[in-house]
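> Here it is: the structure, laid out below.
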Amino acid sequence: MRVGVSLRTAYAVEDVRVGARWLVERAAAARAADLDCLLVGDHHGVPVPYYQNTPLLGRLLAEWGDKPFGALFLLPLWPPVLLAEQVGTLASLAPGRFILPCAVGGGAEQFASMGVELAGRGARFEAGLDIVRRLLAGETVEVDGPYRVGPTRIAPVPPEPVEVWIGATAAKPIDRAARLGDGYLADANLTPSEAVEVLERYRTACAEHGRTPTAVAIRRDIHVGADAEDAARVARPVVDAGYRGFDPSACTYGSIEQVAERFAGLAAAGYTDVIVRHLAEDQGEVLRSFERLAEVRRLVADL
C-alpha cells in the first residue's frame, strides 16, 4: 500500500503569507516522511484564503522530490486548453509522474462564480477530459461542442503519460470513473463500511468495462499521535465539533500502530493508496503527525 498526501489549501489566517508558509512546511514534511505522492485541491469563489492549485503546486515542487505529484481539477469549471497547458507545464517542473485527480464538482455558488451552468456538468466533464487527454498526448484538437476548440496543439506536453484518477461515490459517477479513469479516488467522508461498498461497486463497473485500474485510492483525514491518548487529545475535539459534517468513523486517528492497522484494513479491502489530510489546526501538531506518518507508511508499505 502507498501513502500519499493531499494538502489542505484553505486557511482562515489574517496574514495570507502565514498559510502559504504552512503549506511549504507541510510539503517539506511530506517529503521527509517519504510519502508516495503530493497532491493539492481545487475550489473557487471561497471567502477565506484558498491557495489555487497551479501556482501553489509550482512552488511546492521546490520542496518535493522525484515521486509522483499532481493537482485535482474540477473539470467542468476549466477551459480544457488552459487546463492542459497548466498540467503540461507543471509536469515538466519535476521528475515525478503527474497524477491528475478530477471530478465533476458541485455547489451552485462555486459554478456561478466561474460563470458555468451546474446542469450538464457530467457531459462537460467527459468532453473536457477527452480534449485534455488528447492535448497532453501531443495531438492537434478541433471540436465544436460542448467546448469550441481548435485547431489547437499545446506545448510543453508531459514527458510521460499523465495518470487520471476520477473521484466518485454515486452509481453513475462510479461507472464513469471505471469507464474513463486510469485510477479511482474514493471520498474522505466515507465510513469504513461505505468505503468497502463503493469499492465493490467500482470493481463491478471495471469488470463490466473490461478495465484494470492503475490505482484504487481513498482519502482519509487523520492524525497520528505519540500514543492513543495524545492522538485523542488533538483529534477528538475537532471530530466532536462536527468536522466537515463527516461521520466520526470516517476520520482516522490514534497511535502509529492504530493508524497503520486502519490502513491495513483498507489494503485488505482492495485499496492500493491512502491519500491523507490532517485533522489538526495547529501547525506544530500537523508536522509532528507527519513525522509519525513516516513510520505508518513503513509498516504498511508491503501490504
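> Starting from residues that are in contact (Cβ under 8 Å) with a residue 40 or more places away in the chain and hydrophobic (A, V, I, L, M, F, W, C), keep the ones in the stretch 175-204 and report whichever is nearest to PRO101 (Cα to Cα).
The extreme case among them is LEU185.
> Residue under question is GLY128, and the condition is that it be free of Cβ contacts under 8 Å to residues at least 24 places away in the same chain and surrounded by 13 or more Cβ atoms within 10 Å (Cβ to Cβ); does it hold? Spell out the reasoning first.
Working: free of Cβ contacts under 8 Å to residues at least 24 places away in the same chain: no; surrounded by 13 or more Cβ atoms within 10 Å (Cβ to Cβ): yes.
The answer is no for GLY128.
> How do the helices (runs of 4 or more DSSP H) wholly within the stretch 27-115 filter down when requiring 2 or more residues that are within 23 Å of VAL143 (Cβ to Cβ): which remain?
Working: elements: 53-60, 80-91, 108-113.
Answer list for the stretch 27-115: 80-91.
> Then there is this: Go through the stretch 249-274 and report how many residues are out of contact with any Gly (no Cβ under 9 Å at 6 or more places or on another chain) and within 15 Å of ASN189 (Cα to Cα).
Within the stretch 249-274, residues that are out of contact with any Gly (no Cβ under 9 Å at 6 or more places or on another chain) and within 15 Å of ASN189 (Cα to Cα) number 5.
> In the stretch 185-199, is there at least one residue being assigned to a loop (DSSP other than H, G, I, E, B), hydroxyl-bearing (Ser, Thr, Tyr) and modelled with pLDDT of 95 or more?
Taking the stretch 185-199 as the starting set, the residues that turn out to be assigned to a loop (DSSP other than H, G, I, E, B) are 187-191.
Then keep just the ones that are hydroxyl-bearing (Ser, Thr, Tyr); that gives 191.
From the residues that got through so far, the ones that are modelled with pLDDT of 95 or more too are 191.
Yes; the residues of the stretch 185-199 include at least one that is assigned to a loop (DSSP other than H, G, I, E, B), hydroxyl-bearing (Ser, Thr, Tyr) and modelled with pLDDT of 95 or more.
> Quick one: count up the residues across the stretch 30-67 that are over 27 Å from GLY106 (Cα atoms) and touching a Lys or Arg at 6+ places or on another chain (Cβ under 9 Å).
Looking only at that region, the number is 9.
> Same structure again: Are any residues in the stretch 229-249 assigned to a helix (DSSP H, G or I), in contact with a helix residue (DSSP H, G or I) (Cβ under 8 Å, 6 or more places away or on another chain) and surrounded by 15 or more Cβ atoms within 10 Å (Cβ to Cβ), and if so, which ones?
Here is the first cut: in the stretch 229-249, the residues assigned to a helix (DSSP H, G or I) are 229-240, 243-245, 248-249.
Imposing the further condition that a residue be in contact with a helix residue (DSSP H, G or I) (Cβ under 8 Å, 6 or more places away or on another chain) reduces the set to 231, 234, 239-240, 248-249.
Across the stretch 229-249, the qualifying residues are ALA231, VAL234, VAL239.
> Moving on. Looking at (1) under 28 Å from SER249 (Cα atoms); (2) in a helix (DSSP H, G or I), which is the one condition that is false for ALA207?
(1)
> ALA267 - would you say it is touching a residue at least 12 places away in the same chain (Cβ under 8 Å), among the small types (Gly, Ala, Ser), touching a helix residue (DSSP H, G or I) at 6+ places or on another chain (Cβ under 9 Å) and not in a helix (DSSP H, G or I)? Break it down into steps so the answer makes sense when it comes.
Values: touching a residue at least 12 places away in the same chain (Cβ under 8 Å): yes; among the small types (Gly, Ala, Ser): yes; touching a helix residue (DSSP H, G or I) at 6+ places or on another chain (Cβ under 9 Å): yes; not in a helix (DSSP H, G or I): no.
It is false that ALA267 is touching a residue at least 12 places away in the same chain (Cβ under 8 Å), among the small types (Gly, Ala, Ser), touching a helix residue (DSSP H, G or I) at 6+ places or on another chain (Cβ under 9 Å) and not in a helix (DSSP H, G or I).
> All but one of (1) farther than 21 Å from ASP130 by Cα; (2) touching a Cys at 6+ places or on another chain (Cβ under 8 Å); (3) assigned to a helix (DSSP H, G or I); (4) not aromatic (Phe, Trp, Tyr) hold for ASP221, so report the exception by its number.
(3)
> Against the condition closer than 30 Å to VAL116 by Cβ and out of contact with any strand residue (DSSP E or B) (no Cβ under 6 Å at 6 or more places or on another chain), how does GLY41 come out, does it pass?
yes
> SER193 - would you say it is more than 30 Å from ALA268 (Cα to Cα) and of a type in the set (Ser, Thr, Tyr)?
no
> Moving on. Would you confirm whether or not the stretch 288-298 contains a residue that is at pLDDT below 95, of a type outside the set (Gly, Ala, Ser) and surrounded by fewer than 23 Cβ atoms within 10 Å (Cβ to Cβ)?
Taking the stretch 288-298 and keeping what is at pLDDT below 95, we get none.
Checked the stretch 288-298: no residue is at pLDDT below 95, of a type outside the set (Gly, Ala, Ser) and surrounded by fewer than 23 Cβ atoms within 10 Å (Cβ to Cβ).
> Right, something else. Among the strands (runs of 3 or more DSSP E) confined wholly to the stretch 116-178, which include 2 or more residues that are among the aliphatic types (A, V, I, L, M) and farther than 23 Å from ALA94 by Cα?
Values: elements: 141-144, 148-152, 163-167.
Because the criterion is at least 2 residues that are among the aliphatic types (A, V, I, L, M) and farther than 23 Å from ALA94 by Cα, the strands (runs of 3 or more DSSP E) in the stretch 116-178 that meet it are 141-144.
The values are calculated or read from the model by the stated rules, or taken from the named source; none is laboratory data. Keep in mind it's a predicted model, so treat the numbers as computed, not measured. A quick note on method: Cβ atoms are made from the backbone with ideal geometry, for glycine too, and the neighbour counts reach across all protein chains shown.
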